[in-house]
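Just so it is clear, none of the values below were taken in a lab; they were calculated from the coordinates. In this text the structure is predicted, and so the values were computed from the model without any measurement. Glycine also receives a Cβ, built like all others from the backbone with ideal geometry; neighbour counts cover every protein chain displayed.
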Amino acid sequence: MSNARPVDNFVDRPTFVTHLECGLSGERYAADQLHGLSRAGRPLLVRYDLEGLQGAVSKDDLRQRPADIWRYREFLPVRRTENIVSLGENMTPLIEAPSLRAGTGGLFIKDEGRLPTGSFKARGLCLAVSMAKELGIARMAIPTNGNAGAAMAAYASRAGIEAYVFCPEDTPEVNVREIAAQGAKVWRVNGLINDCGKIVGAGKEPMGWFDCSTLKEPYRIEGKKTMGLELAEQFAWSLPDIIFYPTGGGTGLIGMWKAFQELKAIGWITGKLPRMVVVQSTGCAPIVKAWKDGVEHADLWPNAHTVASGIRVPAAVGDFLMLRAVRESGGFAIAVDDDAILAARNEVSRREGFLMCPEGAATFAAYQQAARDERLSPDETAVLFNCASGLKYELPRADASIDLTKPLDFDAMKKA
Ligand SMILES: *Cc1c(COP(=O)(O)O)cnc(C)c1O
């Protein structure tokens, strides 16, 4: 009998977490213990022995490893290999979109829709659930606009952890169903994601669940950090000039910025870092407003609405971390309206055959807008993030049909 296995990344490797740190106050917290927010009520960031890490892994080592997020194991917090809960978190491709370029610089779309559960939420929740397993958590709860709940449901089921999910009542139908199909208990709530978050907060004591809300646990950022590590590696350790990121809770933006700092600290990248651009919808743009107002914290956005449900986040606990990344990088924050988002989805899919999710399409609309406003210089190479499969969202109807009882009408087909 053969016990041959394909080459994989699930081998023991040294890990380097030293402690956790409040993103606002810098206060230290012990590693390998259960934590939510810091005492200041702000996100905790995972810190590493970067010198040790640097001595343990090289760029060449990476080349030998399979193309998934676990190739960056030394940069990740999971201590014991058996706690890794994986559904195959593949590296995602960078797809060039030459016909859509606004100038002479390159234009690439990072297609996160190819990850497990069809969105980049898999990166964060894979790490959050793996760490939950490592820390002995039996029950988790999450407020979600859809994709995060779906990813948590999938990984929690695989880990044997009970999952409770709360989403706004107008969450895309496919999301609610996939959450239920993947073994979680799911409720529609007649409110927005922050209202769902309040339910999760209120249930902590009576339900004994762990609050897996965006940035209220420390490890989703580490999962999203792999987007920054991947980009650096895919750009041969140089990096693009500017990154357009559809921003809700901001995990990905904060995670990528953290990745770049860590890579810089170990000398794997040098020079200028990409300009980070927050993209939101005009129907929900708290970070854009805070950026324009020059303040460090954003106000709650009233009556939030947008077709891009993943970025409908009226209040984010990591607002100051996003704003810092945008300002330190020389980036900006920009809002586009729903018509521009849907027009952008249409244009990218018709011209380049790439069906973006509305949130991803928002980044293309923002790229075009920034080029018109001359906030983007013509020679800048840009990366847009397509965060979920376009197939998870409602699409325009296509109603043409053929009646086999009638003769075929090829002329009509040409005109269709
Ligand atoms: C969650 C989500 C976002 C926003 O990501 P954050 O990192 O939480 O800001 C954007 N697009 C899609 C499709 C999402 O599911």
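Let's see if you can work this out: charge +1 on each Lys and Arg Cβ, -1 on each Asp and Glu Cβ, no other charges. What is the dipole magnitude of the chain about its Cα centre, in debye to the nearest 20?
The calculation lands at about 440 debye.
In sequence order, what are the phi-derived ³J(HN,Hα) couplings for the stretch 27-39 according to the Karplus relation 6.51 cos²θ - 1.76 cosθ + 1.60 with θ = phi - 60°, rounded to whole Hz, with x for glycine and proline?
Whole-Hz 3J(HN,Hα) from phi for the stretch 27-39: 4, 8, 9, 5, 6, 6, 10, 6, 9, x, 6, 6, 4.
Taking the Cβ-Cβ separation of N303 and D379 as r and a Förster radius of 45 Å, what is the calculated FRET efficiency to the nearest 0.05? Please report the intermediate quantities before stating the final value.
Numbers: r = 40 Å, r/R0 = 0.88.
Calculated value: 0.70.
State whether the chain is rounded, prolate or oblate according to the following rule on the C-alpha gyration tensor (a ≥ b ≥ c being the square roots of its eigenvalues): a/c under 1.5 gives rounded; otherwise a/b larger than b/c gives prolate, and the remaining case gives oblate.
Judged from the Cα gyration tensor, the chain comes out rounded (a/c under 1.5).
If we count every other residue with Cβ under 9 angstrom of I242's Cβ, Lys/Arg +1 and Asp/Glu -1, where does the sum land? Kindly include the intermediate steps, with their values, before the conclusion.
On the way: positive: R275; negative: D241, E380.
Computed value for this residue: -1.
Given Cβ point charges of +1 (Lys, Arg) and -1 (Asp, Glu) and nothing else, what value in debye, to the nearest 20, does the dipole of the stretch 146-286 about its Cα centre take?
Here the size comes out at about 260 debye.
Loop-only check: which GluC sites (Glu not before Pro) in the stretch 162-199 are DSSP coil with at most 12 other Cβ within 10 angstrom?
The qualifying sites are E169.
How high is the relative contact order of the stretch 9-129, given as a whole-number percent (alpha carbon pairs under 8 Å, six or more residues apart)?
22
Taking amide H positions as placed in the peptide plane 1.01 Å from N, state which residues far from A335 in sequence (5 or more) or on other chains have amide H under 5 Å from it.
Q280
Please say if the stretch 62-208 is rounded, prolate or oblate, where rounded means a/c under 1.5 for a ≥ b ≥ c the square roots of the C-alpha gyration tensor eigenvalues, and otherwise the choice is prolate for a/b larger than b/c and oblate otherwise?
oblate
Among I199, A236, L273, whose Cα sits farthest toward the positive end of the charge dipole of the stretch 196-311 (+1 at Cβ of Lys/Arg, -1 at Cβ of Asp/Glu, about the Cα centre)?
L273
What is the stretch 190-252 by shape, rounded, prolate or oblate, if you read a ≥ b ≥ c off the alpha carbon gyration tensor as root eigenvalues and call it rounded for a/c under 1.5, prolate for a/b larger than b/c, and oblate otherwise?
Numbers: a/c = 6.19, a/b = 2.36, b/c = 2.62.
Here the stretch 190-252 falls in the oblate category.
Can you work out the FRET efficiency for the pair D170 and S58, with r the C-beta to C-beta distance and R0 = 51 Å, to the nearest 0.05?
Result of the calculation: an efficiency of 0.60.
Once the other residues with Cβ under 15 Å from the Cβ of G183 are scored (Lys, Arg +1; Asp, Glu -1), what is the net sum?
+2
Quick one: net charge of P98's neighbours, Cβ under 13 Å, K/R +1, D/E -1?
0
Can you list the residues, at least 5 places off or on another chain, whose amide H is less than 5 Å from the amide H of C284, using H built in the peptide plane?
The answer is H305.
Let's see if you can work this out: charge +1 on each Lys and Arg Cβ, -1 on each Asp and Glu Cβ, no other charges. What is the dipole magnitude of the stretch 70-198 about its Cα centre, in debye to the nearest 20? The partial results should precede the final answer.
Working: 16 positive and 13 negative charges, 68 e Å.
That gives the stretch 70-198 a dipole magnitude of about 320 debye.
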